[in-house]
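Asker: Following this message is one structure expressed as structure tokens.
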Amino acid sequence: MKITQILLRLRYSSLGRLVLALLGTVVAICVVLLVSAQSDTYIANAGAMTIAILGLSLLTGWSGQVSIGNSGFMAVGAFTTGIWANHHQSSPIIISLLLSILTGAIAGLLVGIPATRLKGPYLAGMTLAFVTAMVPFIQSLGKLTGGSGGLFFANLSSPSWFANLSGDPQNFIVANYRWAATVSVVITGVAYYFMSNLFASRAGRAMRLVRDNDVAAELMGVNLGRVRVGAFVISAAYAGLAGSLVALLSGVARADNFGLALSIEILSLLVLGGIGTLSGALMAGLLAAYASTLIAKLNALFGLNPYSNLGSNSQGIIFGLLLVVTMLTAPQGMAGLLKKISHLRARKEAE
Amino acid sequence: MGAFFTSRIVSDILIGAAQGVLVGLIALSLVLIWQSTHVLNFAQGAMAMFAAFCGMTMLEHGLNYWVCVLISLVAAMLLGGVTERVLVRPLYGKAEINSIVVMVGFLGILESGASSIWSGMARQLTSPLSQTYFTLGSKTLYLSPFSLFQIGSALTLMLGVAALFRFTKIGLQLRASALAPEVSRLLGVRVSRMLTLGWIISSAVGAFAAIIIATSGSGLFPSNMDGFFVFGFIAAAIGGLESPGGAILAGLLIGIIQTFVADYLSPSWVAFTPVLILVLSQLVRPAGIFTKNTTRRL
């Protein structure tokens with residue numbers, strides 16, 4: 001058997017999934033330590049995006065509920081982290097992260113209980129209403145959230161042992177970038193491991209059944225409401241974690257950054273990668289890492305000034321176009337295309 | 001009598017009604033599309049904004065306001081028709097999520113596109129009618145020539161659409177192709193043409209609302225329809241997405257309730273009020289207040 005086949009087979013046992021997640025994380029950390037500091041910032045942000053995409057993939061791909069409100073939950077996570085960091089400067093980041101997961105989940109529960117009674121376009125519309133209401137709401141809480149200017153706090157800085165380990169102990173800036181990317185990669189690995197277990201669990205199968213045929217699910221004894229709300233809450237908790245990570249990486253939480261545009265970006269990356277598959281979410285994360293550089297290169301290729309009207313908005317246009325074109329031509333995304341290719345190849349070999 | 005018309009409650013109702021008819025128009029445009037093609041058009045607000053930009057930027061070249069409105073409406077009809085033919089047609093019969101994702105993507109394209117063509121800055125549109133409120137004695141009556149036009153034209157447009165559907169042959173064909181496409185086709189109705197026509201009408205209604213919103217409110221900018229689209233969607237959802245009358249009524253109510261919330265509670269709660277109304281209405285009647293009960297087939 002080929003190595004790729006062995007690796008792919010690993011995902012069917014729970015120990016195998018742990019090994020896969022560990023292997024992936026270790027490989028990613030090696031990459032982080034080898035590439036340039038500039039690439040590390042991309043990888044760090046891509047980790048946060050991957051977590052948000054994983055959460056949306058569960059909600060949309062597995063429980064069949066479309067949400068364009070996940071950036072709102074990211075905002076909840078980011079501001080939880082910011083407010084906590086400003087009040088407890090010396091607390092370890094793991095507490096910020098856990099708190100943000102908690103507040104994201106609570107917000108998800110509050111929105112999810114009414115929202116999951118709605119179906120299809122109603123639910124998507126409700127999450128849209130949530131995200132458009134969230135930005136002005138956060139800005140109106142000026143004392144707590146810093147209003148429209150945003151909240152500033154200390155971002156991730158490398159501990160001294162890591163700075164020593166990563167080579168040049170004098171160069172704190174590079175060490176900080178490396179540390180941020182390492183933290184991000186590790187958190188993403190943990191998030192991926194939990195999601196892969198959930199996908200394979202009884203709850204994951206119940207979700208798929210609810211998506212494909214809710215009447216059959218109900219007859220099998222699945223509690224529809226609980227499964228739908230559960231998926232919504234987990235997805236919101238993932239978004240909260242992603243928001244927290246974004247905030248920790250930049251040291252800023254600004255409500256504007258978590259508007260509808262971010263939700264559309266997450267959705268397009270998810271669709272591009274492939275809805276409802278873990279591999280699709282990971283590919284989407286990789287795309288997220290290099291999307292902004294690729295778009296900057298495209299701008300340069302066409303001779304656009306990045307600060308002109310068209311140059312500064314080309315990202316939005318490209319993401320929108322990708323979303324529309326992918327959905328119309330290859331709704332299963334890159335993961336679906338890869339699967340198709342491997343099926344074709346297997347058939348050829350059999351012949 | 002004068003004291004009554006300038007009282008706080010009547011003032012709030014007048015301001016709210018002027019907002020509410022606009023929400024109602026957008027809700028109506030959503031319902032028109034939903035009825036005929038069962039697509040919730042998430043790009044409805046952005047399409048209206050884009051069409052408004054196409055015409056209203058001509059104001060800067062010295063064109064008359066009403067000519068600009070006409071250009072915008074023609075642009076909206078073109079945009080609506082082309083969108084239905086190119087983007088929406090491949091989605092019929094596909095899963096619901098496909099149409100949601102495509103329309104959300106189109107929303108992103110239109111908003112970024114408008115920012116790159118006309119920049120993200122808000123443009124003030126010079127109003128053709130005065131926007132200063134009338135006064136009764138020393139008190140302010142919260143009506144202006146423009147807000148009277150706003151309410152009047154919106155109601156006229158709604159009645160016009162209702163009359164089109166109710167009393168004309170085209171309206172009958174539109175209703176028939178929404179209700180029973182197969183039968184209509186057999187009876188010689190060009191169903192696909194009717195679906196496109198539904199989008200064209202809806203798009204024009206939305207663009208008219210966008211022009212009024214940009215003239216009366218904070219100006220024209222790429223995301224200026226986001227909020228109103230959400231309110232319009234909520235109004236349509238409260239009515240159950242199937243009922244044009246219900247959508248308009250719900251829109252009017254949302255406008256008035258929002259003004260009361262802003263006046264008596266706090267302006268920062270305005271954005272969340274419609275969400276709460278939607279949640280409450282869905283808890284009472286999940287299928288919408290104004291729809292008849294339907295059975296589901298297994």
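Asker: Determine the relative contact order of the stretch A:173-277: mean sequence separation of Cα pairs under 8 Å and six or more apart, normalised by residue count, in whole percent.
Answerer: After rounding, I find 17 percent.
Asker: Report, as an integer, the average count of C-beta atoms from other chains found within 10 Å of each Cβ along B:236-244. Can you show the working numbers first?
Answerer: Numbers: counts 2, 6, 0, 0, 1, 3, 0, 0, 0.
Average neighbour count from other chains, rounded to a whole number: 1.
Asker: Shifting gears a bit: Just the Kirkwood number for the protein assembly as shown, please: inverse of mean 1/r across all distinct Cα pairs, in Å, one decimal. It would help to have the intermediate numbers written out before the result.
Answerer: Working: mean 1/r = 0.0381 Å⁻¹.
For the protein assembly as shown, inverting the mean 1/r across all distinct Cα pairs yields 26.2 Å.
Asker: Another one. Averaged over peptide B:268-275, how many Cβ atoms belonging to another chain are found within 10 Å of each residue's Cβ? Each step should come with its number before you reach the end.
Answerer: Working: counts 7, 3, 4, 9, 6, 1, 2, 9.
Across the residues of B:268-275, the mean count of other-chain Cβ atoms within 10 Å is 5.
Asker: Once label points are set 7 Å from the Cα along Cα→Cβ at both B:ARG190 and B:LEU172, what is their separation, rounded to one decimal in nm?
Answerer: Here the modelled spin labels are 1.8 nm apart.
Asker: Under unit Cβ charges (Lys, Arg +1; Asp, Glu -1), what dipole magnitude, rounded to 20 debye, does the stretch A:3-259 have relative to its Cα centre?
Answerer: Values: 14 positive and 6 negative charges, 129 e Å.
Roughly 620 debye, rounded to the nearest 20.
Asker: Rg and Dmax in Å for the stretch B:35-193, alpha carbons only: what are they?
Answerer: Calculated on Cα positions, Rg and Dmax stand at 19.8, 66 Å.
Asker: With viscosity set to 0.692 mPa s at 37 °C, what whole-number translational diffusion coefficient in µm²/s follows for chain A from Stokes-Einstein and a Kirkwood radius over Cα pairs?
Answerer: Details: Rh = 21.1 Å.
Translational D for this selection: 156 µm²/s.
Asker: Okay, next question. How much space per residue, in cubic angstrom, does the convex hull of the C-alpha atoms of the stretch A:227-351 take up? Walk me through the numbers before you get to the answer.
Answerer: Details: hull volume 20.1 nm³, N = 125.
So the per-residue Cα hull volume is 161 Å³.
Asker: What base-10 log of the normalised intensity I(q)/I(0) is obtained for the stretch A:299-351 from the Debye formula, alpha carbons as equal point scatterers, at q = 0.19 Å⁻¹?
Answerer: -0.73
Asker: Another question about this same structure. Quick check for me: using +1 on Lys/Arg Cβ and -1 on Asp/Glu Cβ, what's the dipole size of chain B about its Cα centre, in debye to the nearest 20?
Answerer: Result for chain B is approximately 900 debye, rounded to the nearest 20.
Asker: Distance in nm between label sites at A:LEU110 and A:ILE6, each 7 Å beyond Cα in the beta-carbon direction?
Answerer: That separation, rounded to one decimal, is 5.1 nm.
Asker: Among A:ILE93, A:ALA247, A:ASN223, whose Cα projects farthest towards the positive end of the dipole of the stretch A:3-259, with charges put on the beta-carbon of Lys, Arg (+1) and Asp, Glu (-1)?
Answerer: Of the options given, the answer is A:ASN223.
Asker: Can I ask one more? Taking all pairs of distinct Cα atoms, average 1/r, flip it, and tell me the Kirkwood hydrodynamic radius of the stretch A:1-95 in Å to one decimal place. Don't skip to the answer; put the middle values down first.
Answerer: Details: mean 1/r = 0.0603 Å⁻¹.
This gives a value of 16.6 Å.
Asker: Once the dipole of chain A is set up with Lys and Arg at +1 and Asp and Glu at -1 on Cβ about the Cα centre, which of A:LEU54, A:ALA75, A:LEU156 lies farthest towards its positive end?
Answerer: A:LEU54
Asker: Also, I was wondering about something else. Roughly how many Å is it from the Cα centre of the stretch A:243-318 to that of the stretch B:164-206, as a whole number?
Answerer: 40
Asker: Report the calculated FRET efficiency for A:LEU301 and A:GLN38 (r = Cβ-Cβ distance, R0 = 25 Å), to the nearest 0.05. Let's see the in-between values first.
Answerer: Numbers: r = 20 Å, r/R0 = 0.78.
Plugging the Cβ-Cβ distance into 1/(1 + (r/R0)^6) gives 0.80.
Asker: Something else now. Which helices pass in chain B if a helix is a full DSSP H run, must span at least 30 angstrom along its long axis by Cα, and must have mean Kyte-Doolittle hydropathy not below 0.0?
Answerer: Details: long enough: B:8-37 (43 Å, 1.58); B:96-118 (33 Å, 1.26); B:145-167 (32 Å, 1.46); B:191-216 (38 Å, 1.59).
Those that pass (Cα extent of 30 Å or more, hydropathy at least 0.0) are B:8-37, B:96-118, B:145-167, B:191-216.
Asker: How far apart, in nm, are two points set 7 Å out from the Cα along the Cα-to-Cβ line at B:ILE9 and at A:LEU23?
Answerer: Between B:ILE9 and A:LEU23, the label points sit 7.3 nm apart.
Asker: Let me ask something else. Once the Cα gyration tensor of the stretch A:109-199 is diagonalised, what are the square roots of 5 times its eigenvalues, in whole Å and ordered largest first, as equivalent ellipsoid semi-axes? List each step's numbers first, then the result.
Answerer: On the way: eigenvalues 286, 105, 16 Å².
For the stretch A:109-199, the semi-axes come out at 38, 23, 9 Å.
Asker: Another one. Enter the Cα centre distance for the pair the stretch A:122-152 and the stretch A:183-228, rounded to the nearest angstrom.
Answerer: If you average the Cα positions of each part, the centres end up 29 Å apart.
Asker: So, by mean Cβ neighbours within 10 angstrom, what's the order for A:335-347, B:269-281 with the highest one leading?
Answerer: By packing density, highest mean first, the sequence is B:269-281, A:335-347.
Asker: Output the Kirkwood hydrodynamic radius of chain B, Cα pairs only, in Å rounded to one decimal.
Answerer: Numbers: mean 1/r = 0.0502 Å⁻¹.
Kirkwood hydrodynamic radius for chain B: 19.9 Å.
Asker: Suppose only helical runs count, i.e. DSSP H with n ≥ 4. What mean residue ellipticity at 222 nm does that imply for chain B under -39500 (n - 2.57) per run, divided by all residues and rounded to the nearest 500 deg cm²/dmol?
Answerer: Values: 12 runs with 199 residues, N = 298.
After summing the helix terms and dividing by the residues of chain B, the value is -22500 deg cm²/dmol.
Asker: To continue, here is another question. If each residue of separation counts as 0.36 nm, what is the full-extension length gain between A:ASN155 and A:VAL325 once their alpha-carbon separation is subtracted?
Answerer: Values: separation 170, 0.36 × 170 = 61.20 nm, distance 3.78 nm.
Gain on stretching A:ASN155 to A:VAL325: 57.4 nm.
Asker: Counting only other chains, and only Cβ atoms inside 10 Å, what mean value do you get across the residues of A:326-333?
Answerer: Values: counts 3, 13, 9, 1, 0, 6, 0, 0.
Taking all residues of A:326-333 together, the mean is 4.
Asker: Follow-up. Fully extended, how many nm does the chain gain between B:HIS61 and B:ARG89 (0.36 nm per residue separation, minus their Cα-Cα distance)?
Answerer: Working: separation 28, 0.36 × 28 = 10.08 nm, distance 3.67 nm.
Residue separation times 0.36 nm, minus the Cα-Cα distance, leaves 6.4 nm.
Asker: With springs connecting C-alpha atoms under 10 Å apart, model chain A as a Gaussian network and identify which of A:ASN309, A:ASN164, A:ASN213 has the largest mean-square fluctuation.
Answerer: It is A:ASN309.
Asker: Moving to a separate point now. Give the separation of the Cα centroids, the stretch B:46-110 to the stretch A:1-23, in Å.
Answerer: Rounded to whole Å, the Cα centres lie 48 Å apart.
Asker: Same structure again: Percent relative contact order of chain B, based on C-alpha pairs within less than 8 angstrom and at least six residues apart? List each step's numbers first, then the result.
Answerer: Details: 463 pairs, mean separation 103.6, N = 298.
Contact order relative to length: 35 percent.
Asker: Also, quick follow-up: Pairs of Cα atoms under 8 Å, at least six residues apart: use those to get the relative contact order of the stretch B:1-138, whole percent. Intermediate values should be presented prior to the final figure.
Answerer: Numbers: 85 pairs, mean separation 35.8, N = 138.
Over the stretch B:1-138, the number comes to 26 percent.
Asker: Something else about it: Go through A:TYR42, B:PRO128, B:SER11 and say which Cα lies farthest out towards the positive end of the charge dipole of the protein assembly as shown; charges sit on Cβ, +1 for Lys and Arg, -1 for Asp and Glu.
Answerer: Working it through, the farthest residue towards the positive pole turns out to be A:TYR42.
Asker: Next up: What's the longest piece of chain B with no exposed trypsin sites (Lys or Arg not before Pro), counting a site as exposed if DSSP puts it in a loop and it has at most 10 other beta carbons within 10 Å? Present the calculation step by step, with values, prior to reporting the outcome.
Answerer: Numbers: sites that count: B:LYS292, B:ARG296, B:ARG297.
Longest run free of exposed loop sites: B:1-291.
Asker: With +1 on the Cβ of every Lys and Arg and -1 on the Cβ of every Asp and Glu, and nothing else charged, how large is the dipole of the protein assembly as shown about its Cα centre, in debye rounded to the nearest 20? Walk me through the numbers on the way to the answer.
Answerer: Numbers: 37 positive and 18 negative charges, 360 e Å.
Approximately 1720 debye in magnitude.
Asker: Sticking with this structure for a sec: So which lysines can A:LYS348 reach, going by Cα to Cα under 25 Å and dropping same-chain residues fewer than 8 places off?
Answerer: Cα-Cα hits under 25 Å: A:LYS2, A:LYS339, A:LYS340.
Asker: Also, quick follow-up: Please work out the FRET efficiency for the pair A:ALA350 and B:THR140, using the Cβ-Cβ distance as r and a Förster radius of 56 Å; give the result to the nearest 0.05.
Answerer: Numbers: r = 82 Å, r/R0 = 1.47.
E between A:ALA350 and B:THR140, to the nearest 0.05, is 0.10.
Since every read-out is calculated from the coordinates, none of them should be taken as a lab result. Because the structure is predicted, anything quoted here is derived from the model rather than measured. FYI the Cβ positions are ideal-geometry reconstructions off the backbone, even for glycines, and counts take in every protein chain you see.
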